[in-house]
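To keep things clear, I will list the structure first and then write my remarks on it.
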Amino acid sequence: MKKIPTLILTCACALSVLGAATTASAATLQKGSKSSKVVEVQERLNKIKYFSAGISGYYGTQTVSSVKNFQKKNNLSVDGKVGPKTEAKLKAKAPINNKVMKHLAGIIQDEAGGESFTGQIAVGAVILNRVHNGSFPSSITNVIFQKGQFTPAADGKLSTPTASAYEAARRALTGYDPSKGALYFYNPKYASSSWMSSRPVTQKLGNHVFTK
């Protein structure tokens with residue numbers, strides 16, 4: 001068997017990785033999608049008054065309808081999906097500062113900056129679990145700043161997130177939930193109440209106890 005030169009193998013691998021990255025970056029968003037890219041799409045649509053529902057990171061029926069309306073108004077194929085052409089038009093029409101991602105990563109930084117990466121994702125997951133629970137607001141930002149819920153957000157300001165906090169936010173938005181469906185979390189060293197301790201525990205990670 002002939003040996004394939006190392007340089008050729010290296011180039012082939014590099015091209016393979018590049019191709020995969022290109023495919024991933026050009027992935028079409030559609031009903032059922034969950035990611036930070038969905039947050040971005042919803043935030044852009046909201047800015048130009050096409051989307052009034054809560055920015056949640058989940059591509060549901062209202063997002064589909066909003067995308068279709070945007071596509072109709074901008075002479076795009078109307079399929080309710082965000083592919084490269086719709087994404088490019090959205091970016092041109094609605095520049096944003098990614099405020100919602102900053103909020104999600106910010107609360108993760110403030111509440112779990114000293115925890116493991118998994119612990120950080122779990123805090124992000126709690127925020128998203130609340131967004132999808134009828135007992136809480138239906139948007140990421142409104143959940144974070146809901147009165148009386150998260151002490152670091154009480155003054156309307158959050159810390160500048162680290163790269164780890166941003167990545168934890170992105171992971172949580174994909175649906176990964178180390179909290180196991182929790183709606184609350186607390187550090188028993190600093191917070192104690194009979195109500196909190198009576199809640200069913202779903203997970204313990206680092207210094208946090210996660211409950212429903």
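Every test in (1) on the phi > 0 side of the Ramachandran plot; (2) under 12 Å from the mean Cα position of the chain (by Cα); (3) surrounded by fewer than 21 Cβ atoms within 10 Å (Cβ to Cβ) is passed by Gly57 save one, and that test is (3).
To keep it simple, each residue is scored yes or no on (1) farther than 30 Å from Gln30 by Cα; (2) among the hydrophobic types (A, V, I, L, M, F, W, C); (3) outside any helix (DSSP H, G or I).
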position	(1), (2), (3)
Thr141	no, no, no
Leu158	yes, yes, yes
Glu167	no, no, no
Ala172	no, yes, no
Lys180	no, no, yes
Phe185	yes, yes, yes
Lys189	yes, no, yes
Trp195	yes, yes, no
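Residues of segment 105-116 that are crowded, with 18+ Cβ neighbours inside 10 Å and either touching a strand residue (DSSP E or B) at 6+ places or on another chain (Cβ under 9 Å) or under 19 Å from Phe51 (Cβ atoms) (or both): Glu111, Ala112, Glu115. Checking Gly124, Gly119 one by one, the residue that is touching a strand residue (DSSP E or B) at 6+ places or on another chain (Cβ under 8 Å) and either polar (S, T, N, Q) or not in a loop (DSSP other than H, G, I, E, B) (or both) is Gly119 and no other.
One residue alone among Ser194, Ser179, Ser198, Ser138 is open to solvent by 30 Å² or more (accessible area, probe 1.4 Å) and either within 20 Å of Lys34 (Cα to Cα) or touching a residue at least 40 places away in the same chain (Cβ under 8 Å) (or both), and that residue is Ser138.
Can you confirm whether Thr160 is open to solvent by 80 Å² or more (accessible area, probe 1.4 Å), modelled with pLDDT of 95 or more and β-branched (Val, Ile, Thr)? Yes, satisfied. Across segment 120-135, the qualifying residues are those that are in contact (Cβ under 8 Å) with a residue 60 or more places away in the chain and of a type in the set (A, V, I, L, M), and the one among them that is farthest from Pro178 (Cα to Cα) is Val131.
The values are calculated or read from the model by the stated rules, or taken from the named source; none is laboratory data. None of the values given here were measured: they were computed from a predicted structure. Using ideal geometry, Cβ is built from the backbone for each residue, glycine included, and neighbour counts are taken over all protein chains shown. For the accessible areas, the whole protein counts, side chains as well, though only heavy atoms, and no ligand, DNA or RNA atoms are used. Shrake-Rupley method; radii C 1.70, N 1.55, O 1.52, S 1.80 Å.
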